[in-house]
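Data block below; observations after.
Since every read-out is calculated from the coordinates, none of them should be taken as a lab result. What you see is a predicted model, and the numbers here were worked out from it, not measured in a lab. Neighbour counts run over all protein chains shown; Cβ positions are idealised from the backbone, glycine included.
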Amino acid sequence: MKERVLTGYRPTGKLHLGHWFGNLQNMLALQDQYEAFYFVADWHALTSEWQNPADIARYTEEMVLDWVAAGLDPDKCAIYRQSDIPQVAELLLYFSMVTPMSWLERTPSYKEQQQQIGDKDLSNLGFFTYPALQTADIAIMDAARVPVGEDQLPHLELGREIVRRFNSTYKAGNRGLIEPKALLAAADDGRTDAADARVPGTDGRKMSKSYGNAIFISDTPDEIRKKAMDFMTDPARKQLTDAGNPDICPLHQVHKLVAADDKIADWDACCRAATCGCVPHKKDLAEDLVTHFADFQTRRAALDARPGFAKEVLEAGAEKTLPIAQATIERCRSLVGL
Ligand code: TRP
């Protein structure tokens, strides 16, 4: 029997290269090796967007279309929406009994986000219980493995503690919930950091929608070209005659993701030797990006032309998910003694 993996993403906007290389390629590989459950975390989106939830439903459907166009196969994996699985909310309720508030208060992402995201009111109970809800997502499906990036590891560790406390409080024995483990996937070349690929944005910081430095996978060729021309390069290389260091050049790091090795080696060599300029390199990156995403964009446009397709995928996903969630919640009720 295949091991079960589960992961989710919040539908808060368009997908960018960070998602594509950091997460989606990994999800594609895992759908063949595991029993994979992938969900759109619309309740998690609501924890921060509760004042303006108007876009969540649209972004949910767009995420489904992006995933399928990228190659996730709804026949191989389950693609579902969190809010279609009410058992998740009931399990959160039981978790809210066994979880000390101090555990949630010390989550690093909680403090960080409250400080950084100034334009949203995150002083609500929903945002506070974010990691417990995430634990319910995982535990309700008895998922053993969770492919996540490094930034999510504290959440997962907390999740393991919550599950352990639930199991011990209710003397679950061999009927207990599974303590999920992180899954750091090995890429083709044997690297183990595929789930954590840090894709730099056009300003050199981690690519993120909220930094305004993202190239979206749905950007038109002209938008991609414009953003590529803005891409930051080695800041120490001010003139053509200065030798550059490709290892710290954000442009070079992104180019590596889409271009052939020998071509990358050429750009690497001429940058260090100060025999090529950054402007032609930017142009080359732009064309490689446009080519890389052309097939995806064609498939995505075809799916867009099929009204109701995203809903069908989500319904089929819920059908696969609900029986498992129902069995788990019945087990939990009986463990709690209700
Ligand atoms: N917190 C994740 C994010 O930032 C989304 C998420 C919600 C999740 N529940 C999950 C990820 C369960 C893995 C497993 O996008």
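In terms of packing, defined here as the mean over residues of other Cβ atoms within 10 angstrom, the peptides 43-50, 68-75 line up highest first as 43-50, 68-75. The distance between label points at I264 and E330 comes to 5.1 nm (points 7 Å beyond Cα on the Cα→Cβ vector). Between rounded, prolate and oblate, where does segment 71-125 land on the alpha carbon gyration tensor, with a ≥ b ≥ c its root eigenvalues, rounded for a/c under 1.5, else prolate if a/b exceeds b/c? Taking the square roots of the gyration eigenvalues as a ≥ b ≥ c, segment 71-125 is oblate. The per residue volume of the convex hull around the alpha-carbon atoms of segment 229-279 is 69 Å³. For segment 217-338, a Kirkwood hydrodynamic radius built from all Cα pairs, placed in the Stokes-Einstein relation at 4 °C and 1.567 mPa s, yields a translational diffusion coefficient of 71 µm²/s. The calculated Kirkwood hydrodynamic radius for segment 1-100 is 14.6 Å, given to one decimal from all distinct C-alpha pairs. Taking every Cα-Cα distance in the chain and sorting them into 10 Å bins starting at zero, the pair-distance distribution P(r) comes out as 5, 23, 31, 24, 12, 5, 1, 0 percent. Annotation: cysteines of the chain without a disulfide-compatible partner (Cβ-Cβ under 4.7 angstrom) are C77, C249, C271, C278, C332.
FRET efficiency for the R106 to K226 pair, using the beta carbon distance and R₀ = 35 Å, is estimated at 0.25. Here the translational diffusion coefficient of segment 33-174 follows from Stokes-Einstein with Rh set to the Kirkwood radius across Cα pairs; for 20 °C and 1.002 mPa s it amounts to 131 µm²/s. Note on segment 130-262: Cα convex hull, mean projected area over all directions, 11.7 nm². Shown is the FRET efficiency for N245 and Q114, computed with R0 = 45 Å from the Cβ-Cβ distance and rounded to the nearest 0.05: 0.75.
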